[in-house]
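Notes follow once the structure below has been shown.
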Amino acid sequence: MSGLDAADIAAAYEAVRSDKEATNWLALSDAGPRGGRLALTGTGTGGLGELARTLAGSGGDAAVRYGYARVEYANDAESTRVKFVLVVWIGEGTPVMRKARVSVESGDVKRVLAHHSIAVTASDASELDEADIVARLRKAGGADYNGGRG
């Protein structure tokens, strides 16, 4: 998979991970009509909702895209947690042969966007509901100081 070593992808990844940056998501898409090269197609500060709209947007129903998001949530009354989510977007109308390449390609993406608590495969923006993702992050995080209330 080429393109993943691009300086703009590395910079966006570091911005999402940084406590000092407002950027909280990035999106990657095919740079060419035949696939095989990923490019940074967006970053933002609007959280999972904005990332979901970006992944689902223009042609997203027939595309494979990747997203990476910073999610902050209250752990209890006095503390918050910061976790990272990798999103593998496979649009429902994606051609079968393109879907077949996802397992190999997503492995490459996971090596570059390595620090994430969970990976979510989605084909609809509703699958990236922030409350559902936070519940999954709490389960993956081990200790739940919220008394199981999600």
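The values are calculated or read from the model by the stated rules, or taken from the named source; none is laboratory data. For clarity, every value in this text was computed on a predicted model and none was experimentally measured. Note: ideal-geometry Cβ built from the backbone for every residue, glycine included; neighbour counts use all protein chains shown. Accessible surface is based on the protein model in full, side chains and every heavy atom, while ligands, DNA and RNA are left aside. Shrake-Rupley method; radii C 1.70, N 1.55, O 1.52, S 1.80 Å.
Relative to the longest principal axis of the C-alpha atoms of the chain, give the angle of the C-alpha long axis of helix 130-140, reported between 0 and 90° and rounded to the nearest 10°. That helix lies at roughly 70 degrees to the long axis. In this structure the amide hydrogen of residue 4, modeled in the peptide plane, comes within under 5 Å of the amide hydrogens of 38, none closer than 5 places in sequence on its chain. Of [x] 0.97; [y] 1.27; [z] 1.05, which one was derived for Rg/Rh (Cα atoms, Kirkwood Rh) from the structure shown? The listed entry that was calculated here is [x]. Extension gain for the segment residue 79 to residue 53, taken as residue separation times 0.36 nm less the Cα-Cα distance, is 6.5 nm to one decimal. Relative to the longest principal axis of the Cα atoms of the chain, helix 102-112 runs at roughly 60 degrees.
Ordering 103, 87, 48 by Cα displacement along the dipole of region 7-141 toward the positive end leaves 103 in first place; charges were set at the Cβ atoms of Lys, Arg (+1) and Asp, Glu (-1).
A straight Cα-to-Cα reach below 19 Å connects residue 139 with the lysines 83, residues fewer than 8 places away in its own chain not being considered.
Note on residue 61: accessible area approximately 100 square angstrom, rounded to 10, probe 1.4 Å, nucleic acids and ligands left out. Taking all protein chains together and rolling a 1.4 Å probe, residue 81 ends up with roughly 50 Å² accessible.
Remind me, relative contact order of the chain in percent, using alpha carbon pairs under 8 angstrom and six or more residues apart?
20
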